[in-house]
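Supplied in structure tokens, the structure appears directly below.
Values in this text are rule-based calculations from the coordinates and carry no lab data. Because the structure is a prediction, the values reported are computed rather than measured. All Cβ positions, glycine included, derive from the backbone under ideal geometry; neighbour counts span all protein chains shown.
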Amino acid sequence: MNHKKQKNRIKRLFSRFYEVRSGVSFVACTAMILVCSVLISGFSERSTQDILTENALNVNSFTGSDSLNIIIDPGHGGADGGATGANGVLEKDLNLDLSLKLRDMLLFHGYRAVMTREDDSMHFSEGSPLSKKVQDTKYRVDLTKGYENCIFVSIHMNKFVSPKYSGLQVYYSQNDPESIEIAKRIQTLTRELLQCENDRKVKKADSTIYVLDKATVPAVLVECGFLSNEEETALLCSNEYRKLLASVIFEALDGYISEKSTDK
Ligand SMILES: [Zn+2]
């Protein structure tokens with residue numbers, strides 16, 4: 001698909017998902033962000049209930065992979081805040097908000113979406129902080145085992161010692177060959193629609209990324225941006241920018257799934 005078609009797709013996506021209201025324009029770092037931002041600045045989010053109600057008619061019309069579930073995993077939560085931005089923002093909060101946006105978009109478009117957490121919590125019985133973290137992480141992977149046909153998408157924010165690095169980067173699990181395909185879609189679409197100077201490549205996850213190391217289904221982890229970079233942190237803290245990120249990830253998943261469905 002060429003750029004113009006992709007831009008039109010994302011325009012359609014925004015107009016379907018957000019209701020038009022008056023608003024102020026949102027200024028972002030690249031020309032593409034600016035274009036997309038103007039598009040969405042006047043939109044407000046629909047309530048999840050609205051989406052679900054409308055979607056009740058829609059969900060069974062998704063042909064080709066009607067039993068597919070997309071498991072969205074907002075990284076960290078509860079006592080585990082993840083990375084902290086220079087402005088004090090916690091990664092866990094950004095991860096959750098972005099994941100909920102992605103979840104709502106998927107539901108709206110007739111997909112089945114499941115969250116590993118829907119609030120600021122961890123899954124554990126009891127134990128030391130380390131043991132709780134281990135139980136919580138294991139829970140997230142175990143959730144995938146309850147679904148015969150699923151894709152696991154973990155949402156995180158990055159951090160590095162040097163503040164100069166920025167840009168989204170996708171990691172993929174080595175355990176299922178489809179993981180890299182999904183990762184490439186997200187990475188490529190991010191460059192085409194949101195970060196034209198992002199030359200990052202998808203990266204194979206090693207054993208340090210537990211959820212990808214243990215997942216046996218198609219699984220990716222999206223590091224959405226660097227909380228060690230002041231400029232990017234400001235963007236990530238913007239509700240409008242998180243809508244854009246969620247839209248790009250949605251669009252990539254939608255493209256991947258649609259292609260797989262027609263391949264059958
Ligand atoms: Zn993280």
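Which percent of Cα pairs goes in each bin when the distances of the stretch 128-237 are cut into 10 angstrom slices starting at zero?
15, 40, 33, 12, 0
Grab the beta carbon distance between K204 and D120, set R0 = 30 Å, and tell me the FRET efficiency rounded to 0.05. Don't skip to the answer; put the middle values down first.
Details: r = 31 Å, r/R0 = 1.03.
Between K204 and D120 the formula returns 0.45.
Which ordering of V161, V153 is given by a fewest-first count of other beta-carbon atoms within 10 Å?
Details: V161 6, V153 27.
Lowest count first: V161, V153.
Just the number: Rg to Rh for the stretch 193-264, Cα atoms, Kirkwood Rh, two decimals. Before the final figure, lay out the partial values.
On the way: Rg = 14.8 Å, Rh = 14.6 Å.
Taking Rh as the inverse mean 1/r over Cα pairs, Rg/Rh reads 1.02.
Hey, another quick one. Which percent of the Cα-Cα distances in the stretch 54-263 go past 31 Å?
Percent of Cα pairs beyond 31 Å in the stretch 54-263: 14.
What does the charge dipole of the stretch 123-264 about its Cα centre add up to, to the nearest 20 debye, if the Cβ of each Lys and Arg holds +1 and the Cβ of each Asp and Glu holds -1?
Working: 19 positive and 21 negative charges, 66 e Å.
Using only the charged Cβ atoms, the result is roughly 320 debye.
Give K164/K260; K101/K132; K132/K201; K92/K260; K145/K184 a once-over and call out the pairs whose C-alpha atoms are over 30 Å from each other. Spell out each step's value before the answer.
Values: K164/K260 38 Å; K101/K132 27 Å; K132/K201 33 Å; K92/K260 32 Å; K145/K184 24 Å.
From K164/K260; K101/K132; K132/K201; K92/K260; K145/K184, over 30 Å: K164/K260; K132/K201; K92/K260.
Charges on Cβ only, +1 for Lys and Arg, -1 for Asp and Glu, centred on the Cα centroid of the stretch 54-263; of Q195, L94, P129, which one is farthest towards the dipole's positive end?
The residue sitting farthest along the positive end of the dipole is P129.
State whether the stretch 125-178 is rounded, prolate or oblate according to the following rule on the C-alpha gyration tensor (a ≥ b ≥ c being the square roots of its eigenvalues): a/c under 1.5 gives rounded; otherwise a/b larger than b/c gives prolate, and the remaining case gives oblate. Spell out each step's value before the answer.
Working: a/c = 3.20, a/b = 1.20, b/c = 2.67.
Taking the square roots of the gyration eigenvalues as a ≥ b ≥ c, the stretch 125-178 is oblate.
Between K203 and residues 5 or more places away or on another chain, which pairs have amide H atoms under 5 Å apart, with H built 1.01 Å from N, and which residues are they?
So K203 has HN proximity to V170, Y171, Y172.
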